[in-house]
1. Projected onto the charge dipole of the chain (+1 at Lys/Arg Cβ, -1 at Asp/Glu Cβ, origin at the Cα centre), which of Leu271, Pro167, Trp253 gives the Cα projection farthest towards the positive end?
2. So who's got an amide H within less than 5 Å of the one on Asp142, skipping anything under 5 residues away but keeping other chains? H placed 1.01 Å off N, in plane.
3. Taking the chain as a Gaussian network, where each spring joins two C-alpha atoms under 10 Å apart, which residue of Ile113, Ile159, Ile84 fluctuates the most?
4. With the Cα gyration tensor of segment 43-192 giving a ≥ b ≥ c as the square roots of its eigenvalues, does the rule (a/c under 1.5 for rounded; else a/b larger than b/c for prolate; else oblate) give rounded, prolate or oblate?
5. From Cα pairs below 8 angstrom and at least 6 apart in sequence, can you work out the relative contact order of the chain, rounded to a whole percent?
6. Looking at (i) 33, 25, 20; (ii) 24, 23, 19; (iii) 33, 22, 16, which value of semi-axes √(5λ) of the Cα gyration tensor in Å comes from a calculation on the structure shown?
7. Going by a ≥ b ≥ c, the root eigenvalues of the Cα gyration tensor, does segment 206-278 fall in the rounded group (a/c under 1.5), the prolate group (a/b larger than b/c) or the oblate group?
Amino acid sequence: MNIFDEPKIDCHNHVLDPVRHPYAADVAYRPAGQEIGTLAQHRLVMDSYGIRHALVVGPNSGYGLDNRCLLDTLAASGGRYKGIAVVRNDTSREELQRLQQAGVVGVAFNATIHGVDHYLDSAPMLRHLADLGLFIQAQVTDDQMVGLAPLLLDSGARILIDHAGRPVPSRGLQQPGFQAVLDLARSGRAVVKLSGHQKYSAGPWPYDDAEPHVRALVDAYGLDACVWASDWPFLRAGERLDMGPLLRLVERWWPDPADRRRLLWDTPRRLFQFGQAG
């Protein structure tokens with residue numbers, strides 16, 4: 001069995017369908033062309049690569065705080081997909097419960113777009129997340145995690161770190177932001193996505209300068225707190241990307257099928273409570 005046949009869960013991907021779900025009027029970026037990925041296209045890609053479940057992330061691009069496309073996607077999946085929603089910092093417990101009942105397992109903070117200060121008034125909402133067992137998914141870059149980590153830790157919520165913390169590879173493993181990402185492992189509440197290497201690597205596939213950071217994350221978190229994701233359909237990518245080479249990279253970095261099983265299937269299935277078949 002090769003990696004294309006092995007059971008997999010993709011823990012970061014998007015559905016964008018501006019025909020059925022027009023973009024919000026006030027978004028800064030409107031995906032177009034090959035960045036668009038409808039539900040039908042999403043299903044076809046996931047089926048073609050043996051991806052049995054997906055954690056679909058509501059994008060700031062295109063939809064902003066409008067979760068209707070995400071919720072329609074979850075409803076149509078019959079439980080195959082779970083979601084990460086984008087919400088207001090003052091979202092009520094009742095609204096979070098409604099999203100949870102629809103298949104949402106967390107909400108997204110994207111400091112790479114909004115900055116850290118944008119989220120500093122969100123502590124009450126984060127306590128609701130903690131009470132409900134939902135994740136706060138944090139996307140940061142450079143040293144942003146230094147400023148955001150205290151808020152995440154104080155919240156008591158489960159933490160999902162996006163795209164390996166998006167370090168700057170030329171600054172090495174000791175850069176403060178990456179050290180803050182590594183330190184979150186000690187909380188016992190944090191999980192990291194080993195994904196989005198094209199967003200922070202200085203070079204093309206196989207992202208050689210990203211590998212030391214990925215290895216450090218696995219050492220700190222262990223494969224029981226690491227998941228994989230594609231980032232399909234690759235918004236704002238600087239070059240053409242495809243799912244196949246990303247999976248081959250997983251095979252290259254984790255040649256042991258037992259390790260891949262934990263990363264691609266066992267850990268995300270347990271964390272996000274996907275179906276138990278397989």
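1. Of the options given, the answer is Leu271.
2. Close amide H contacts, sequence-distant or interchain: Val168.
3. Among Ile113, Ile159, Ile84, the largest mean-square fluctuation in the Gaussian network model of the chain belongs to Ile113.
4. Judged from the Cα gyration tensor, segment 43-192 comes out oblate (a/c at least 1.5, b/c at or above a/b).
5. That works out to 19 percent.
6. Among (i) 33, 25, 20; (ii) 24, 23, 19; (iii) 33, 22, 16, the one derived from this structure is (ii).
7. The shape class here is oblate.
No lab work stands behind these numbers, since they all come straight from the coordinates. Just so it is clear, the model here is predicted, and its values are computed rather than measured. Methodologically, a virtual Cβ is constructed for each residue, glycine included, from the backbone with ideal geometry; neighbour enumeration extends over all protein chains shown.
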